[in-house]
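Here's the structure, in structure tokens; my notes come after.
The values are calculated or read from the model by the stated rules, or taken from the named source; none is laboratory data. No experiment lies behind these values; they were computed from the predicted model shown. Glycine gets a Cβ as well: all are built from the backbone with ideal geometry, and neighbour counts include every protein chain shown. Ligands, DNA and RNA are excluded from the accessible area calculation, which covers all protein heavy atoms including side chains. Shrake-Rupley method; radii C 1.70, N 1.55, O 1.52, S 1.80 Å.
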Amino acid sequence: MFESIKRILVRTLVCILPETRAFSFKRILYRMLGYKIAKNVRICSSVKIVGHGMLIVGENTWIGLDCTIIAGRGTAITIGKNVDIAPQVYIGTGTHEINTTGERMAGKGINKNITIKDGTWIGARSIILPGVTIGNMCIVAAGSVVNKSVESYKLVGGVPVRELKKL
């Protein structure tokens, strides 16, 4: 119960702070929830961080306006250092198995970790799906759906994502 109240209070405080200011205070608030937020991480106030999983963010990372980060119980989202995440990116560890025999297609819920390595740039409105690792120094083009892991030094894009260029 206390943990839920603490999460609500932190979300409320973050939401009333200026969008692109008070980053050090936001880091303190997120650390109070057990997230591992390194120095000089800048998280915009409109970012929604939910779930009972772990969030680890490396130094000098930017998380832009209106992003949604959902870490399900027992999972971790790890974002490296010097990462840039553009506005309205979705990063979520949860999905469902396909159920063709029941009353609904969304079957048993499953969670898988997500890792975004150092120096990567995630374009606006991209979607990072469960179980994905994006390597070092990658670029994910705006509007992409990353449904599989990406090797380091790649420019990828599309729905679903495909390699566009080696960097």
Boolean, ASN136 is among the polar types (S, T, N, Q), in contact (Cβ under 8 Å) with a residue 40 or more places away in the chain and in contact with a Phe, Trp or Tyr (Cβ under 8 Å, 6 or more places away or on another chain) | yes
Is there a residue being in contact (Cβ under 8 Å) with a residue 24 or more places away in the chain, out of contact with any Leu (no Cβ under 8 Å at 6 or more places or on another chain), closer than 30 Å to ARG21 by Cβ and surrounded by fewer than 22 Cβ atoms within 10 Å (Cβ to Cβ) anywhere in the stretch 144-162?
-> no
Odd one out for LEU65, checked against (1) surrounded by 12 or more Cβ atoms within 10 Å (Cβ to Cβ); (2) out of contact with any strand residue (DSSP E or B) (no Cβ under 9 Å at 6 or more places or on another chain); (3) at pLDDT below 95 = (3)
Subset of the stretch 45-63 that is within 13 Å of the chain's Cα centre (by Cα) and in a loop (DSSP other than H, G, I, E, B) - its residue that is nearest to ASN113 (Cα to Cα) = GLY53
Scanning the stretch 83-124 residue by residue, those assigned to a loop (DSSP other than H, G, I, E, B) and of a type in the set (S, T, N, Q) turn out to be GLN88, THR93, ASN99, THR100, THR101, ASN113, THR120
Exception for LYS6 within (1) in contact (Cβ under 8 Å) with a residue 24 or more places away in the chain; (2) over 24 Å from TRP121 (Cβ atoms); (3) open to solvent by less than 20 Å² (accessible area, probe 1.4 Å) falls at (3)
